[in-house]
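Notes for the one structure printed next.
The values are calculated or read from the model by the stated rules, or taken from the named source; none is laboratory data. Please read these numbers as outputs of a predicted model, since none were measured by experiment. Here the Cβ is made from the backbone with ideal geometry for all residues, glycine too, and neighbour counts use every protein chain on show. Only protein heavy atoms, including side chains, enter the accessible area calculation; ligands, DNA and RNA are left aside. Shrake-Rupley method; radii C 1.70, N 1.55, O 1.52, S 1.80 Å.
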Amino acid sequence: MQIQLDHLLPIPLKDKILQRKSGIWNENIQFNPGSFVKIKAPSGTGKTTLVHYLYHIRYDYTGNVLINGKPWSGYNRNETASLRQQKISVIFQDLRLFEQLTALENIELKRVMNPQPYCTVEKVREMAARLNVTHVLDQSGKTLSYGERQRIAIIRALVQPFEWLFMDEPFSHLDEENTSRAAALIAEECKSRQAGFILTDLDHDQHFSYDVLYQL
Amino acid sequence: MQSFFDLLRKIIRTGVGKSRFFMASVGLGIAMVLILIALQVNTDFNQLLYSDKNQNETADFLVINKKVTNSMMGQPGKSVFSPAEIENIRKQSFVQATGLITSSQFKVVAQAPGDLHFATDMFFEAVPDSFIDVKEDDWKWNPGDRTIPIILPNDFLNLYNFGFSLSQNLPQISQETVKALPLQVVISNNQTSDTYTGHIVGFSDRISSFLVPASFMDWANQKYAGSSSAPASRIVIKTADPSNPALVKFLDDNGYTANQDKLKFSKTRVIVQTIVSVIGFFGLILLFFALLVFSMFIQLVIASCRKEIQLLVTLGTAPRQLQRYLLKQFVPLYFIIGILSLLLVTVLQYFAAGLLAKHDMVVSPLPGIGTIIGTVLILALVYIVNVATVSRYILQDQ
């Protein structure tokens, strides 16, 4: 699946961005299928905004985000939902778990949203074991620590089929060991799907072997 | 493992305003019962009016005559029907058959036999046999017969038994006795006079007159008056529905009158229809409010889960998945209400049929097809309103 940015420019940040050079904003950029993309940016330059634009939950921009050559606005709600179930997955910076569900239920929700689940419950447990969160699976989302929530959110993003995974500072609450475990799992899952990802973060890192690097 | 809807149930709480939802359900139930009763009563009433089982003998024959007004008095010609008028009556859609009532054009004196010392001037009339409600083998006359079969109006015997005889200290007479009594009937014109034996063969509720067979009437009119037909001043019509408002209007428009009692049924029918319409109307109003409350309830549920629904959609839940989930929460209840209402009306109908049967009125003990179609239509309406509300607010939410 092709993702293309066509002179994308967030309206609220317009003046600020036009004063400086950006590798993403107001450029014509194409992300090739299967590539690992890192976008590095300091705080306040619109990392989260970009991920939201890519995932189509914010619309206050000029220019276009093209999905398979078609702007997001050309997809209706059910088509968008189908893309989010089949082709695009996301890990939000603010994690967005349901507090009224347990950790496992949060993952299950995403898994069984698709009438033909992509992976099995055993696979979920295996991933939980790899990220050291097996012991919290039955805890309510409310009682989880940020680090635990972040790992649950990562697993939730990996239980569905996708061609692109968007990650917004996915390891911000994890220690080094857990970060490398999570990164390894993500890389593995992407490879097995021949999927690419777009990751935004503050600094340089060596978690993945990136194909492309952008400065926001 | 939990299904997607199980998980949604934990996220989208439909418990808010449960009491309102309950009230609306009760409202829907009452509304449905009222509407179904209105439909059912309508069906029953039609069944009472038109079904073969309920055709009572007098219901579909009417004797029509012109109103005798002061200005017509002394001019008997004005009360007879002209051939054009008869043709006009015959043409009306509600008239299935017409029969002219022929009156005698000779003098008739009837005398009671033996010591009763009772004699009276009277008259005869005749109608085609098919309009007569007395089925008797004796009801025939051939030229040369000295015995004339006669049908008396039931009312006449009643008048005698309960009015005349009591006041005159005369014995009351049973129908059987009357039938057994041979009457001496003297028929005369200005020149000749003949005596016949009159034999009462039956009593009619349908036509208030002294009837003799048409064959005798033709013969006697020819013999004593020299003409076989006189202009008719009364016409008996056969109609499927004497309460038909069009019939009543036709009679009024032309200045005709008929057995009023039968026409009064028309008023009853209007009253019943009005009551049924009022019940149905209230049912519809109630249905409208129930739908309104359901819509507001759905709105409330969606509004109270606004954030959750937003996140679900963000995570990729299709609006149609949410729609299906929400409908699944409400729709089964509607169907249960619908079926319960139909059951209740069925039970009521069953008892009503039993009660009516005691009065010789036959209605089906099961609800009519119209009632069942009504149930389906109401449920369809409720369903459509729900789908519309859910899809509108779900979509609005993003």
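Scanning segment A:52-67 for residues that are within 11 Å of chain B (Cβ to nearest Cβ) and either part of a strand (DSSP E or B) or touching a residue at least 60 places away in the same chain (Cβ under 8 Å) (or both) turns up just one, A:55. Is one or more of the residues making up segment B:73-83 loosely packed, with under 12 Cβ neighbours inside 10 Å and either within 25 Å of residue B:239 (Cα to Cα) or modelled with pLDDT of 80 or more (or both)? For segment B:73-83, residues loosely packed, with under 12 Cβ neighbours inside 10 Å and either within 25 Å of residue B:239 (Cα to Cα) or modelled with pLDDT of 80 or more (or both): present.
Here is a yes/no grid of residues against (1) at pLDDT 85 or above; (2) under 38 Å from the mean Cα position of the chain (by Cα):
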| site | (1), (2) |
| --- | --- |
| B:135 | no, yes |
| B:138 | no, yes |
| B:143 | yes, no |
| B:149 | yes, yes |
| B:162 | yes, yes |
| B:181 | no, no |
| B:190 | no, no |
| B:198 | yes, no |
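Taking segment A:109-120 as the search range and keeping residues that are open to solvent by less than 60 Å² (accessible area, probe 1.4 Å) and closer than 18 Å to residue A:186 by Cα, which one is farthest from the chain's Cα centre (by Cα)? Looking at the filtered set, the residue picked out is A:119. Taking segment B:147-169 as the range and being in contact with a Gly (Cβ under 6 Å, 6 or more places away or on another chain) and loosely packed, with under 11 Cβ neighbours inside 10 Å as the test, no residue passes. Among the residues of segment A:186-207, are any open to solvent by 50 Å² or more (accessible area, probe 1.4 Å) and within 14 Å of chain B (Cβ to nearest Cβ)? No: segment A:186-207 contains no residue that is open to solvent by 50 Å² or more (accessible area, probe 1.4 Å) and within 14 Å of chain B (Cβ to nearest Cβ). The conditions of being of a type in the set (Phe, Trp, Tyr), open to solvent by 20 Å² or more (accessible area, probe 1.4 Å), away from chain A (no Cβ under 14 Å) and in contact (Cβ under 8 Å) with a residue 60 or more places away in the chain are met by residue B:45.
Residues of segment B:128-146 that are farther than 22 Å from residue B:185 by Cα, outside any helix (DSSP H, G or I) and open to solvent by 70 Å² or more (accessible area, probe 1.4 Å): B:135 alone. Among the residues of segment A:113-150, those identified as part of a helix (DSSP H, G or I) and in contact (Cβ under 8 Å) with a residue 40 or more places away in the chain are A:113, A:127, A:130, A:141, A:142, A:146, A:148, A:149, A:150.
Looking only at residues of segment B:100-133 that are modelled with pLDDT under 85 and among the aromatic types (Phe, Trp, Tyr), we find that the one that is farthest from residue B:209 (Cα to Cα) is B:118.
Any idea how many residues of segment B:3-28 are within 9 Å of chain A (Cβ to nearest Cβ), free of Cβ contacts under 8 Å to residues at least 40 places away in the same chain and either surrounded by 15 or more Cβ atoms within 10 Å (Cβ to Cβ) or aliphatic (A, V, I, L, M) (or both)? Residues meeting the conditions: 2. Could you list, in sequence order, all residues of segment B:301-312 that are open to solvent by less than 10 Å² (accessible area, probe 1.4 Å) and at the interface with chain A (Cβ under 10 Å from one of its Cβ atoms)? Result: B:312, single match.
Checked against the criterion of being touching a helix residue (DSSP H, G or I) at 6+ places or on another chain (Cβ under 8 Å), farther than 30 Å from residue B:243 by Cβ and open to solvent by 90 Å² or more (accessible area, probe 1.4 Å), the candidates B:172, B:105 yield just one match: B:172.
Taking the listed residues B:250, B:281, the one that is closer than 30 Å to residue B:374 by Cα, more than 14 Å from chain A (Cβ to nearest Cβ) and open to solvent by 10 Å² or more (accessible area, probe 1.4 Å) is B:281, with no other qualifying. So which residues in segment A:68-99 are open to solvent by 70 Å² or more (accessible area, probe 1.4 Å) and not in a helix (DSSP H, G or I)? Result: A:68, A:70, A:76, A:87, A:94, A:99.
If you take the residues of segment B:284-300 that are under 17 Å from residue B:322 (Cβ atoms) and touching a helix residue (DSSP H, G or I) at 6+ places or on another chain (Cβ under 7 Å), which of them is most open to solvent (accessible area, probe 1.4 Å)? Even if it seems obvious, please write down each step before you answer.
Looking only at segment B:284-300, we keep the residues that are under 17 Å from residue B:322 (Cβ atoms), and these are B:295, B:297-300.
In the following step, the residues that additionally are touching a helix residue (DSSP H, G or I) at 6+ places or on another chain (Cβ under 7 Å) were identified as B:295, B:297-299.
Working: B:295: 24, B:297: 8, B:298: 3, B:299: 69 Å².
Once the filter is applied, the top-ranked residue is B:299.
Here is the figure for segment A:97-111: residues that are closer than 15 Å to residue A:158 by Cβ, facing chain B (nearest Cβ under 7 Å) and in contact with a Phe, Trp or Tyr (Cβ under 8 Å, 6 or more places away or on another chain) total 1.
Scanning segment B:315-353 for residues that are open to solvent by less than 10 Å² (accessible area, probe 1.4 Å), more than 14 Å from chain A (Cβ to nearest Cβ) and β-branched (Val, Ile, Thr) gives a single hit, B:345.
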